[in-house]
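The structure appears below as C-alpha cells.
The values are calculated or read from the model by the stated rules, or taken from the named source; none is laboratory data. Predicted, not measured: the structure shown is a model, and the values here were computed from it. Ideal geometry is used to build each Cβ from the backbone, glycine not excepted, and the neighbour counts take in all protein chains shown.
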Amino acid sequence: MSDRARSARRTPVSALVSSLPIEPLLAQPGADPLEVMHRAAAQPQTRLIGVVDDSGVLIGVVPILRLAEAVIARISPETLLADIADLADAARFGHVVESRFIRDVMVRTAAVRPTATADEAFRLMHERHLSGLYVVDDAGRPTGYLDLLELTLAYVEALEADRSGSSGSADTTAVD
Amino acid sequence: MEVVLAGGIFLVTYALIATDRIDKTLAALLGGTLVIVLGVVDQDAAFGAVDLNVIFLLTGMMVLAGILRRTGFFQWAAIKAVKISGGEPYRLLIAFSLLAAGVSAFLDNVTTVVLLAPVTLYVANVLRVSPLPFLICEILASNIGGTATLIGDPPNILIGSASGLGFDAFLLNLGPVAALILVVFVLMTRYFFGRDLTVHADVRDAVLALDEREVLTDPGLLRLSLAVIGATIVGFIVGHPLGLEPGSIAIFAAAVLALLSRLDAETVLGEVEWSTLFFFVGLFMLVEAVVEVGIVSAIADALIELTGADPVATTLGLIWLSGFASAIIDNIPYTATMIPVVQELGAAGIPIEPLWWALALGACLGGNATIVGASANVVVANVSARAGHEISFRTFVRYGVVVTVISLAISTVYVYGRYLLV
C-alpha cells in the first residue's frame with residue numbers, strides 16, 4: 001500500500017466533511033414520516049436522516065430506504081408483502097406497518113467524532129450498510145454529515161495520485 | 001454406571017433444551033454424541049437409530065414449502081381470506097384461523113403462521129383493531145390443523161415413521177377429531193374475541209383494496225408447486241400400501257419440483273432448516289442410549305404399574321400426560337422419548353394403535369397451552385412483539401389453556417368412543 005493510500009485512510013473525517021454539498025437532515029422523534037419525506041425530497045443528496053432529541057443530541061438515524069418503506073407500506077403494502085421470505089422480513093414488515101412517527105422507523109445511531117479517520121468511518125458505514133454518517137461533538141450533537149461519496153472521493157484522489165506518480169517514474173526510466 | 005450416565009446426559013440435555021440455555025440443536029447434538037463418546041451406546045447403534053425416513057420427510061417438505069413460499073402463495077391466500085370475509089373483522093378472524101389450520105395440515109406450521117402474520121398485522125392496522133386476537137387464533141388454529149395429518153406436525157412425523165401408520169391412517173383417525181376440535185374452537189372465538197372486533201364500514205373498504213395478484217411473484221411456479229405438493233399428498237396415500245415410505249416420496253417430489261422450477265441445488269438446499277434436522281439427529285441418538293440401558297423399559301413398567309395395565313387408563317392417561325408435557329417442554333423431544341415407551345407398552349399387551357393416536361393428540365394439542373408450547377407460538381410472538389404488540393405469557397395462556405383443555409377433553413371422548421369402548 002502506498003503512502004498516499006495510507007494517508008487517505010488516516011485522513012480525519014473533519015477534512016472530508018463538506019467536500020461535497022451534502023448537508024445534514026435532522027428530524028424530531030415525533031415527526032410525521034410523510035412530512036420528513038417531503039424534506040428529504042428537497043435535499044435528495046442526504047440519504048441518512050438524523051433524529052435528534054430536544055437538546056439536539058443524535059439519538060438515532062433513518063436510512064432513506066427505511067423511510068421510503070414506511071411510506072410505501074401505507075400505499076402499496078403488496079409490494080413489500082411480496083418480498084417477505086422469512087421471520088426477519090415478517091418482523092420488519094410488521095414494524096414498518098405500525099410506523100406512525102420517525103422514532104418508529106429509526107435505527108440506532110451511526111456517528112463518528114471529527115477526529116475519527118476515514119478508515120474508521122468507512123468500517124462503520126460498511127458494517128451497518130449505511131451510505132452516510134453523522135459527525136458529532138463530544139455531547140453527541142451533530143456538527144456535520146459525511147457521505148460515502150465524500151469518503152470514497154478521498155480514496156479516488158489517492159489512487160489517481162499514485163497512478164500519475166507511477167507514470168512519471170516509468171517515463172524517467174524510459175528516458176534513461 | 002451406564003444407566004446413570006445415560007440418564008444424567010438425557011436429563012441435562014432436556015433441561016438445556018427446555019430452558020433455552022444453549023441452542024437446542026447444539027444441546028441435542030452434544031447429548032447425542034456424548035453417549036457415543038462415553039461408550040454408553042456404540043456408534044453403529046446410535047447412527048442406526050437416526051430415522052432417515054423422518055429426516056428425508058422433513059427435508060422434502062421443507063424444500064416444497066420453501067419453493068412455494070417464493071411464489072407469494074401464503075400472502076396471496078391471506079389477502080383472499082380478507083376478500084372472502086368482506087373485511088368484517090370477526091369473519092376475517094375465522095377466515096384466517098381456517099386458513100392457518102388448513103395450510104398447517106399439509107405444510108410446516110411455522111412457515112404458515114410467519115407468512116400469514118404480515119398480512120394480519122397490516123389488516124389489523126388498517127382496521128384499527130388489535131392484531132392480537134387474529135394472531136392468537138392463527139397460532140391456536142395452526143396447531144389444531146397440524147394435528148390432522150402425518151405431515152402436519154413433527155410429532156406426527158415421528159410417530160408415523162415409528163409405527164408404520166401411513167398418511168391415510170392419520171387422516172382417517174386424526175382428521176375427524178381435529179376437524180371437530182377446530183369447529184369447537186371457532187365457536188369459542190366468538191366468546192373470546194367477538195366483542196373486540198367491530199369497525200366502521202369505511203375502514204373495512206380500505207382493507208378490501210388490497211390486491212392479491214400483486215403479491216404473487218411467480219404465478220407459473222405457484223401452479224407448479226401446488227401441483228407437485230398435491231401429487232405428493234396423493235403419493236403418500238398411494239405409496240403406503242406399495243411399501244413406499246413418506247420420506248422417499250417427499251424427497252423425490254422435492255427433487256422433481258426443484259428440477260422443474262430450474263432452481264439450482266444450492267438455492268433448493270438453502271430452504272432446508274439444517275438446524276432442525278440435526279436437532280432430530282441428536283435426539284434419535286440420545287433416545288437410543290436411554291433405550292439400550294433400559295430406562296425406557298423402566299418408564300414403561302412404571303406406567304403399567306400405575307395404570308394396572310388397563311388399556312383405557314393407560315391410553316387416556318397418555319393423552320393428558322402428553323398434553324401437559326407438551327405445554328411446558330418441546331413436544332419433539334417428548335415424542336421422541338415416548339415412542340419407545342409406547343412400543344414397550346404395546347409389547348406388554350396394551351393395544352398399541354390407540355396409544356399412538358393418544359400420543360399424537362396429546363403432543364400436538366398440548367403445544368397450544370402456552371406461548372412456549374410450540375415453535376409456531378414463539379415465532380409469531382416474536383413478530384408481533386417487534387411490531388409493537390407483545391403477546392405476553394399471561395395473555396396467551398388465558399386462551400391457550402382453555403382451548404387445550406377442551407381439545408384434550410374432546411380427544412379423550414373420541415379416543416375412548418372410537419377405540420376403547422368395548
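Every residue, every condition in (1) in contact (Cβ under 8 Å) with a residue 24 or more places away in the chain; (2) of a type in the set (A, V, I, L, M), yes or no:
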| residue | (1), (2) |
| --- | --- |
| B:Phe192 | yes, no |
| B:Arg223 | no, no |
| B:Ile229 | yes, yes |
| B:Pro246 | yes, no |
| B:Leu257 | yes, yes |
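Of the residues in region B:298-320, how many are surrounded by fewer than 19 Cβ atoms within 10 Å (Cβ to Cβ) and assigned to a helix (DSSP H, G or I)? If you could, list the steps in order and put the result at the bottom.
Looking only at region B:298-320, we keep the residues that are surrounded by fewer than 19 Cβ atoms within 10 Å (Cβ to Cβ), and these are B:298-299, B:301-302, B:304-313, B:317, B:320.
From what is left, the residues that are assigned to a helix (DSSP H, G or I) are B:298-299, B:301-302, B:304-307, B:311-313, B:317, B:320.
Of the residues in region B:298-320, 13 are surrounded by fewer than 19 Cβ atoms within 10 Å (Cβ to Cβ) and assigned to a helix (DSSP H, G or I).
Yes/no matrix, rows are residues, columns are (1) closer than 29 Å to B:Val35 by Cα; (2) in contact with a Lys or Arg (Cβ under 9 Å, 6 or more places away or on another chain); (3) surrounded by fewer than 17 Cβ atoms within 10 Å (Cβ to Cβ); (4) not hydroxyl-bearing (Ser, Thr, Tyr):
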| residue | (1), (2), (3), (4) |
| --- | --- |
| B:Phe279 | yes, yes, no, yes |
| B:Leu286 | yes, no, no, yes |
| B:Val290 | yes, no, no, yes |
| B:Gly323 | yes, no, no, yes |
| B:Val342 | yes, no, no, yes |
| B:Trp357 | no, yes, no, yes |
| B:Ala360 | yes, no, no, yes |
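Are any residues in region B:46-85 β-branched (Val, Ile, Thr), more than 18 Å from the chain's Cα centre (by Cα) and within 25 Å of B:Glu138 (Cβ to Cβ), and if so, which ones? Quick ask: steps written out before the conclusion?
Initially, region B:46-85 is screened for residues β-branched (Val, Ile, Thr), giving B:50, B:54-55, B:59, B:63, B:67, B:71, B:79, B:82, B:84.
Narrowing the set further to residues that are more than 18 Å from the chain's Cα centre (by Cα) leaves B:50, B:67, B:71, B:79, B:82, B:84.
Once the filter is applied, which keeps residues that are β-branched (Val, Ile, Thr), more than 18 Å from the chain's Cα centre (by Cα) and within 25 Å of B:Glu138 (Cβ to Cβ), region B:46-85 yields B:Ile67, B:Thr71, B:Ile79, B:Val82, B:Ile84.
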Wholly within region A:31-143, strands (runs of 3 or more DSSP E) carrying at least 2 residues that are aliphatic (A, V, I, L, M), under 19 Å from the mean Cα position of the chain (by Cα) and at pLDDT below 90:
none
Quick one: in region B:83-106, which of the residues that are crowded, with 24+ Cβ neighbours inside 10 Å and under 28 Å from B:Ala227 (Cβ atoms) is farthest from the other protein chains (Cβ to nearest Cβ)?
B:Ala105
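Among the residues of region B:234-288, which ones are among the acidic types (Asp, Glu) and either within 21 Å of the chain's Cα centre (by Cα) or over 29 Å from B:Leu30 (Cβ atoms) (or both)? Before the answer, list the steps.
Going residue by residue through region B:234-288, those that are among the acidic types (Asp, Glu) are B:245, B:264, B:266, B:271, B:273, B:288.
Within region B:234-288, B:Glu245, B:Asp264, B:Glu271, B:Glu273 meet the criteria.
Got a sec? Which of B:Gly7, B:Gly32 is in contact (Cβ under 8 Å) with a residue 40 or more places away in the chain, touching a Phe, Trp or Tyr at 6+ places or on another chain (Cβ under 8 Å), of a type outside the set (Val, Ile, Thr) and not in a loop (DSSP other than H, G, I, E, B)?
Values: B:Gly7 fails: touching a Phe, Trp or Tyr at 6+ places or on another chain (Cβ under 8 Å).
The conditions single out B:Gly32.
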Please list, ordered by first then second residue, the pairs with beta carbon atoms under 9 Å, 6 or more apart or interchain, first in region A:74-96 and within 7 Å of another protein chain (Cβ to nearest Cβ) and under 19 Å from B:Glu214 (Cα atoms), second surrounded by 18 or more Cβ atoms within 10 Å (Cβ to Cβ) and among the acidic types (Asp, Glu).
A:Glu78/B:Glu212; A:Phe93/A:Glu69
